[in-house]
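This report refers to the structure that appears directly beneath it.
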Amino acid sequence: MRNLKDYDFPEDLKTMSDEELELLAVDIRDFLISTISRTGGHLASNLGVVELTIVLEKMFDFSRDRIIWDVGHQSYVHKILTGRCDKFETLRQIDGLSGFPRRSESVYDAFDTGHASTSLSALLGMAEARDLQGEDYATVAVIGDGSLTGGLALEGLNNLGASRSDSIVILNDNGMSISQSTGGLSRHLNKLRVSQGYYDFKKTLKSRVKKIPKVGDDLYSGLQKMRDSLKYTLVDGVLFEEFGFTYLGPVDGHDIEALTENIALAKEAEGPVLLHVITKKGKGYRNAEEDPNRFHGTGPFDPTTGKLLKQPSSRSYSEIFGNKLLDLAEKDKKIVAISAAMISATGLEPFREEYPERVFDVGIAEAHGVTFAAGLAEGGLKPVVAIYSTFLQRAYDEIMIDVCLQDLPVVFAVDRSGIVGSDGATHHGIFDYSYFGHMPNMTVLAPRDGRELEDMLEYALGLGSPCAVRYPRGEDGDLDIEHTPVADGAQVLKEGRDAEIWAAGSMVKHALKAAEILENKGIDCGIVDARYIKPLDTDALMESAGRTGMIITAEDNVLAGGFGEKIDAFFKNEGCDIKTINIAWPDKFIEHGTCEELYARYGLDAGGIAERISDSIEGKA
């Protein structure tokens, strides 16, 4: 493998032949496999877009032209080819390169992405801004077939096609095989569609036919209908043509010559163009080709065997949730499950294997999924919506109006809540206490470990009203503490003389360790597992305040609108003179890094919690 760091990218691409680009693609794949096997990251998606990215970087100047990578997890090759190869070992490491495009990281990153289906709306905005200001640069979006299922993408597609602004949408389709239309006829039609002669012919034909006395309008209408009938029969991509796009493709996304030819055609075309590119996820690495889902996002692994270097020592929260829901569903036929293109990732695969007719994958359409669940609930079923916290934000209005307003019994299994680590700002689930907390009729529960998650899920399904059960990413870390019934409210784990920490969910483990540190300093600090974020267990709060006069809250959520602020408001409204300390994430987007590094940096680990408490008691803060 040639050393990619020896190249001057992207300038060196401009003079490379197709043969040299093909060799470069091999080197990039080797580099990706070697690096991501050490850092972890999104492998399969990046292996699938190597040739496409190479050709795009060669044919455009993205220091002035704009490219938007929908979702953004497939932008690694773009980073390598825009001068960041020497920093690639820092990928997803704290203070290193992000795993997604970031405007603050490079002039070549035009738009921050991390959630699906946003690229087309942003693309249109950039194209219109360019046109209104009389500027001259290309606008390109790369969107996957999965992202195109999102409602926002379809809204953008509709608006973009109607705008007639010059822009290029590349549909990266890794969900089907290449059809016969990639041959000579397809290439001929593609050239015809973007030729100036074709545009002039259409205009002249319309003008002349309509001028024919008496029959002109009817004749032209008939010709249009004939054209549409032939188009629906013969031409791929007619849906996109109807939206207003010039459709090109499908094209083999691993054929550099074909990509170069068709992107050149797209650049020549007037108005919006959609280039349909067929790629293979995991291309060039057998393990990823055979199991692209496992290598979509992976931790460090052995590149020879593909096996993770660190095997889980216990079950993940997602696995615990999925298995418990399956157990409950065996006893209650009204239980159904919904997820948004993440059945396996949310632990629902066993449920789907056992009861395929009771599991619904709505695609990347979280808002639709929530309202769909509301309809299921109104129809007498017990829907459980399993979606990552950060993606559930996209369905805020539907949760509020379609579920809570009608007080429908929908259970939200809110996976990946709190800090999630190396995926960074777009994926941290640190806002859900805040956005659930002000919704009428909503109950919000936070388990401290896997066993409590099981109890809370069963309790939530019996409530008969909206309920969110919020749990973190990763292994459950069973705390081996006796569990009391969820219906009993907050659980006092240890009474304190000097202070008591009200810890929410995963923060219980940090609070327990902080109490040990404080004990060594002669400070007697109690621990309460809050369990209920909404409604608060106000009786237990008053009892806790009466024991110590000092309450500390610890939550894996932003401070603004979170658990701690609700407790502060409660004491203020009750007229209680209680000292409180709120430990939570600050009012900012938190960067990427391991969870342990981020907890330590922001004082949410055991040491940070203990220091805040001891400083307060000793009068230092």
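The values are calculated or read from the model by the stated rules, or taken from the named source; none is laboratory data. Worth saying up front: this structure is predicted, and the values here are computed from it rather than measured. FYI the Cβ positions are ideal-geometry reconstructions off the backbone, even for glycines, and counts take in every protein chain you see.
Output the residues belonging to segment 391-421 that are of a type in the set (Ser, Thr, Tyr) and closer than 18 Å to residue 506 by Cα.
Across segment 391-421, the qualifying residue is only 417.
I'm checking my understanding of the structure. Among residues of segment 363-373 that are more than 12 Å from residue 336 (Cα to Cα) and without any contact (Cβ under 8 Å) to a residue 40 or more places away in the chain, which one is surrounded by the fewest Cβ atoms within 10 Å (Cβ to Cβ)? Step through it out loud before you land on a result.
Taking segment 363-373 as the starting set, the residues that turn out to be more than 12 Å from residue 336 (Cα to Cα) are 363-371.
The next check asks that each one be without any contact (Cβ under 8 Å) to a residue 40 or more places away in the chain; those that pass are 366, 369, 371.
On the way: 366: 29, 369: 27, 371: 20.
Checking each candidate, the answer is 371.
Identify, from the list 64, 102, the residue that is touching a residue at least 40 places away in the same chain (Cβ under 8 Å), charged (D, E, K, R) and either in the same structural domain as residue 243 (by TED's automatic domain parsing) or closer than 27 Å to residue 157 by Cβ (or both). Full working, then the answer.
On the way: 102 fails: touching a residue at least 40 places away in the same chain (Cβ under 8 Å).
Testing whether each residue is touching a residue at least 40 places away in the same chain (Cβ under 8 Å), charged (D, E, K, R) and either in the same structural domain as residue 243 (by TED's automatic domain parsing) or closer than 27 Å to residue 157 by Cβ (or both) leaves just 64.
Being of a type in the set (Asp, Glu) and surrounded by 24 or more Cβ atoms within 10 Å (Cβ to Cβ) is the filter here; which residues of segment 507-531 pass it?
Going through segment 507-531, the residues of a type in the set (Asp, Glu) turn out to be 516, 519, 524, 529.
Selection gives 529 alone.
Look at residue 136 and say whether it is assigned by TED's automatic domain parsing to the domain that holds residue 251, free of Cβ contacts under 8 Å to residues at least 60 places away in the same chain, crowded, with 16+ Cβ neighbours inside 10 Å and of a type in the set (Asp, Glu).
Working: assigned by TED's automatic domain parsing to the domain that holds residue 251: yes; free of Cβ contacts under 8 Å to residues at least 60 places away in the same chain: yes; crowded, with 16+ Cβ neighbours inside 10 Å: no; of a type in the set (Asp, Glu): yes.
For residue 136, the condition - assigned by TED's automatic domain parsing to the domain that holds residue 251, free of Cβ contacts under 8 Å to residues at least 60 places away in the same chain, crowded, with 16+ Cβ neighbours inside 10 Å and of a type in the set (Asp, Glu) - is not met.
Do the conditions hold for residue 4, that is, is it surrounded by fewer than 21 Cβ atoms within 10 Å (Cβ to Cβ) and modelled with pLDDT under 95? I'd like the intermediate steps shown before the answer.
Numbers: surrounded by fewer than 21 Cβ atoms within 10 Å (Cβ to Cβ): yes; modelled with pLDDT under 95: yes.
The answer is yes for residue 4.
Kindly evaluate residue 504 against the criterion of being farther than 30 Å from residue 464 by Cβ, surrounded by 16 or more Cβ atoms within 10 Å (Cβ to Cβ), in contact (Cβ under 8 Å) with a residue 60 or more places away in the chain and touching a strand residue (DSSP E or B) at 6+ places or on another chain (Cβ under 8 Å). So that I can check it myself, show each step before the final result.
Details: farther than 30 Å from residue 464 by Cβ: no; surrounded by 16 or more Cβ atoms within 10 Å (Cβ to Cβ): yes; in contact (Cβ under 8 Å) with a residue 60 or more places away in the chain: yes; touching a strand residue (DSSP E or B) at 6+ places or on another chain (Cβ under 8 Å): yes.
No, not satisfied.
Find the strands (runs of 3 or more DSSP E) located wholly in segment 506-621 whose residues include 1 or more that are modelled with pLDDT of 95 or more and closer than 30 Å to residue 93 by Cβ, and list them. Before you say what the answer is, go through the steps one by one.
Numbers: elements: 525-529, 532-534, 550-558, 579-585.
Of the strands (runs of 3 or more DSSP E) lying wholly inside segment 506-621, those with at least 1 residues that are modelled with pLDDT of 95 or more and closer than 30 Å to residue 93 by Cβ span 550-558, 579-585.
Could you please give the count of residues in segment 82-103 that are over 22 Å from residue 595 (Cβ atoms) and out of contact with any Lys or Arg (no Cβ under 9 Å at 6 or more places or on another chain)? Don't jump to the end; show me each part of the working.
Within segment 82-103, the subset over 22 Å from residue 595 (Cβ atoms) is 82-88, 101, 103.
Pick out the ones that are also out of contact with any Lys or Arg (no Cβ under 9 Å at 6 or more places or on another chain) and you get 82-84, 103.
Residues in segment 82-103 being over 22 Å from residue 595 (Cβ atoms) and out of contact with any Lys or Arg (no Cβ under 9 Å at 6 or more places or on another chain): 4 in total.
Only one residue in 113, 82 is under 19 Å from the mean Cα position of the chain (by Cα), β-branched (Val, Ile, Thr) and buried (at least 20 other Cβ atoms within 10 Å of the Cβ). Which one?
On the way: 82 fails: under 19 Å from the mean Cα position of the chain (by Cα).
The match here is 113.
Only residues in segment 473-501 that are under 30 Å from residue 423 (Cα atoms) count as the first member; pair them with residues that are among the basic types (Lys, Arg) and in a strand (DSSP E or B), Cβ under 8 angstrom, at least 6 apart or cross-chain, and list the lot.
473/416
Could you please let me know if residue 39 is over 19 Å from residue 287 (Cα atoms), in the same structural domain as residue 251 (by TED's automatic domain parsing), over 19 Å from the mean Cα position of the chain (by Cα) and among the hydroxyl-bearing types (Ser, Thr, Tyr)?
no
Only one of 310, 334 is more than 30 Å from residue 39 (Cα to Cα), not aliphatic (A, V, I, L, M) and not assigned by TED's automatic domain parsing to the domain that holds residue 562. Can you tell me which?
334
Is one or more of the residues making up segment 550-560 on the phi > 0 side of the Ramachandran plot and in the same structural domain as residue 500 (by TED's automatic domain parsing)?
Just the residues of segment 550-560 that are on the phi > 0 side of the Ramachandran plot, to begin with: none.
Checking segment 550-560: not a single residue is on the phi > 0 side of the Ramachandran plot and in the same structural domain as residue 500 (by TED's automatic domain parsing).
Identify all residues within segment 270-313 that are surrounded by 22 or more Cβ atoms within 10 Å (Cβ to Cβ), out of contact with any Pro (no Cβ under 6 Å at 6 or more places or on another chain) and closer than 30 Å to residue 167 by Cβ; write none if there are none.
Step one: of segment 270-313, the residues surrounded by 22 or more Cβ atoms within 10 Å (Cβ to Cβ) are 272-279, 281-282, 288, 295.
Filter once more, keeping what is out of contact with any Pro (no Cβ under 6 Å at 6 or more places or on another chain): 272-275, 277, 279, 288, 295.
Selection gives 272, 273, 274, 275, 277, 279.
Would you confirm whether any residue within segment 314-333 is small (Gly, Ala, Ser), surrounded by 17 or more Cβ atoms within 10 Å (Cβ to Cβ) and assigned to a loop (DSSP other than H, G, I, E, B)? Break it down stepwise before answering.
Here is the first cut: in segment 314-333, the residues small (Gly, Ala, Ser) are 314, 316, 318, 322, 329.
Adding the requirement that they be surrounded by 17 or more Cβ atoms within 10 Å (Cβ to Cβ) leaves 316, 318, 322, 329.
The next check asks that each one be assigned to a loop (DSSP other than H, G, I, E, B); those that pass are none.
No - not one qualifying residue is present in segment 314-333.
Could you please let me know if residue 506 is in the same structural domain as residue 606 (by TED's automatic domain parsing), more than 26 Å from residue 596 (Cα to Cα) and of a type in the set (Ser, Thr, Tyr)? Outline the logic, then answer.
Details: in the same structural domain as residue 606 (by TED's automatic domain parsing): yes; more than 26 Å from residue 596 (Cα to Cα): no; of a type in the set (Ser, Thr, Tyr): yes.
For residue 506, the condition - in the same structural domain as residue 606 (by TED's automatic domain parsing), more than 26 Å from residue 596 (Cα to Cα) and of a type in the set (Ser, Thr, Tyr) - is not met.
Quick one: which residue in 391, 360 is surrounded by 17 or more Cβ atoms within 10 Å (Cβ to Cβ) and over 25 Å from residue 474 (Cβ atoms)?
Values: 391 fails: over 25 Å from residue 474 (Cβ atoms).
The unique qualifying residue is 360.
Is it true that some residue in segment 444-457 is under 28 Å from residue 330 (Cβ atoms), β-branched (Val, Ile, Thr) and either in contact with an Asp or Glu (Cβ under 7 Å, 6 or more places away or on another chain) or not assigned by TED's automatic domain parsing to the domain that holds residue 39 (or both)? So that I can check it myself, show each step before the final result.
Restricting attention to segment 444-457, the residues satisfying the condition of being under 28 Å from residue 330 (Cβ atoms) are 444-457.
When the remaining residues are screened for being β-branched (Val, Ile, Thr), the result is 444.
Now restrict to residues that are either in contact with an Asp or Glu (Cβ under 7 Å, 6 or more places away or on another chain) or not assigned by TED's automatic domain parsing to the domain that holds residue 39 (or both): 444.
Yes, because at least one residue in segment 444-457 is under 28 Å from residue 330 (Cβ atoms), β-branched (Val, Ile, Thr) and either in contact with an Asp or Glu (Cβ under 7 Å, 6 or more places away or on another chain) or not assigned by TED's automatic domain parsing to the domain that holds residue 39 (or both).
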